[in-house]
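S.K.: This is the structure I have questions about; it appears just below.
The values are calculated or read from the model by the stated rules, or taken from the named source; none is laboratory data. Worth saying up front: this structure is predicted, and the values here are computed from it rather than measured. A quick note on method: Cβ atoms are made from the backbone with ideal geometry, for glycine too, and the neighbour counts reach across all protein chains shown.
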């Protein structure tokens, strides 16, 4: 079995853009006519440049390769150009290709990917979602604690047993920073009102994006402890894990991190330094499904849990589901609300979400198929990146 064709789809995500401005999907096809899909997450270049990067990697290493030789192909791409280190751009491209290879392997075997990675241990997967604005909102749900509390109660009524929110925005290229008293007060009020709104029906997930210095994060955490959040996410930037470990030692709130980390080599530092007890691998960036499974295994040995990250399209979401289903230490799965809207339209068959849980598919491979007609009908023509930071200090 050999890969004979690699195709990339750069797809605009229509308003309200939940999951990002665009998605980058990869399709591999073999000489036997079997196709598999993957997704590349948030490479820091314009997606049309990423498309050319994928084509270059495909021409050099992927065309003619056996998709079942995951370890061999992974090492060759990881070491390309004498890098052999956790490079987010190459790892994003590698991840999309690797996920597509697993889709092919599962289809060839007639089994879901999770059945080839130890088998399903979870019949259903607990999910959470960010609190998102609605048309007609009177204020900004990201800045209005009272509105966020109303929305959290609505999500709990829908079946979600955990909700995430980030009142410490925006994030700046000049972070980390010391939070102002005004921001500390706002963050505390968010937690207070959300806890009152959901009671014990839902966990609170306090999402940040590396905006804080360790001392700022500890000041914030001490204010939030009374409301018992399940986690404080990425309190400090990902470039110095030892400083995040300082935050973990300074609070009783579990620390979660991993959205911007790649490979087992970065995650092992998190575990060794005890910087976090909840790992949030983004499978479209971390190195793919097998690499994420290895990280989950390392976490299991440290009694840490995994909560696969998703601010992306549903192909990465489908890969997350496969990993979660076969990982004993799975905790939570990130959803974009209930997987409706464009996340459903871009697939031939949507991901199944029921009463707060995703039901793992039984179909072979990833269990989903990209609707290529929809993908081609929504080309991305913008100039912005998937996610961007402000270019001024906060």
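Residue-wise test of (1) in the same structural domain as residue 271 (by TED's automatic domain parsing); (2) within 17 Å of residue 274 (Cα to Cα); (3) buried (at least 22 other Cβ atoms within 10 Å of the Cβ).
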site	(1), (2), (3)
219	yes, no, no
223	yes, no, no
227	yes, no, no
232	yes, yes, yes
236	yes, yes, yes
246	yes, yes, no
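S.K.: Among the listed residues 245, 216, which satisfies the condition of being under 23 Å from residue 387 (Cβ atoms), touching a residue at least 12 places away in the same chain (Cβ under 8 Å), assigned to a helix (DSSP H, G or I) and more than 21 Å from the chain's Cα centre (by Cα)? Let's see the steps before the verdict.
M.R.: Values: 245 fails: under 23 Å from residue 387 (Cβ atoms).
Going through 245, 216 in turn, the sole match is 216.
S.K.: Do we have residue 85 as farther than 16 Å from residue 2 by Cβ, touching a helix residue (DSSP H, G or I) at 6+ places or on another chain (Cβ under 6 Å) and surrounded by fewer than 19 Cβ atoms within 10 Å (Cβ to Cβ) here? Explain how you work it out, then say what you get.
M.R.: Values: farther than 16 Å from residue 2 by Cβ: yes; touching a helix residue (DSSP H, G or I) at 6+ places or on another chain (Cβ under 6 Å): no; surrounded by fewer than 19 Cβ atoms within 10 Å (Cβ to Cβ): yes.
Judged against the criteria, residue 85 is not a match.
S.K.: Can you pull out the residues in the stretch 272-289 that are in contact with a helix residue (DSSP H, G or I) (Cβ under 6 Å, 6 or more places away or on another chain) and either closer than 13 Å to residue 41 by Cβ or buried (at least 18 other Cβ atoms within 10 Å of the Cβ) (or both)? Steps first, please.
M.R.: Let us first name the residues in the stretch 272-289 that are in contact with a helix residue (DSSP H, G or I) (Cβ under 6 Å, 6 or more places away or on another chain), namely 273-276, 279, 281, 283-289.
Those that are in contact with a helix residue (DSSP H, G or I) (Cβ under 6 Å, 6 or more places away or on another chain) and either closer than 13 Å to residue 41 by Cβ or buried (at least 18 other Cβ atoms within 10 Å of the Cβ) (or both): 275, 276, 279, 281, 283, 284, 285, 286, 287, 288, 289.
S.K.: So which residues in the stretch 128-179 are in a strand (DSSP E or B) and closer than 16 Å to residue 197 by Cβ, if there are any at all?
M.R.: Quick first cut of the stretch 128-179, residues in a strand (DSSP E or B) only: 128-130, 162-165, 172, 177.
If the condition is that a residue be in a strand (DSSP E or B) and closer than 16 Å to residue 197 by Cβ, then 128, 129, 130, 162, 163, 164, 165 are the ones that fit.
Yes/no matrix, rows are residues, columns are (1) touching a helix residue (DSSP H, G or I) at 6+ places or on another chain (Cβ under 7 Å); (2) more than 17 Å from residue 99 (Cβ to Cβ); (3) at pLDDT below 95; (4) assigned by TED's automatic domain parsing to the domain that holds residue 334:
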| position | (1), (2), (3), (4) |
| --- | --- |
| 10 | yes, no, no, no |
| 14 | yes, yes, no, no |
| 21 | no, yes, no, no |
| 25 | yes, no, no, no |
| 28 | yes, no, no, no |
| 38 | yes, no, no, no |
| 43 | yes, no, yes, no |
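S.K.: Sticking with this one: Out of all the residues in the stretch 318-332, which are crowded, with 24+ Cβ neighbours inside 10 Å and either in contact with a helix residue (DSSP H, G or I) (Cβ under 7 Å, 6 or more places away or on another chain) or part of a helix (DSSP H, G or I) (or both)?
M.R.: If the condition is that a residue be crowded, with 24+ Cβ neighbours inside 10 Å and either in contact with a helix residue (DSSP H, G or I) (Cβ under 7 Å, 6 or more places away or on another chain) or part of a helix (DSSP H, G or I) (or both), then 318, 319, 320, 321, 322, 323, 324, 325, 327 are the ones that fit.
S.K.: Quickly run through the stretch 336-362 and pick out the residues that are over 30 Å from residue 168 (Cα atoms), touching a strand residue (DSSP E or B) at 6+ places or on another chain (Cβ under 7 Å) and surrounded by 14 or more Cβ atoms within 10 Å (Cβ to Cβ).
M.R.: Correct list: 346, 347, 351, 352, 360, 361.
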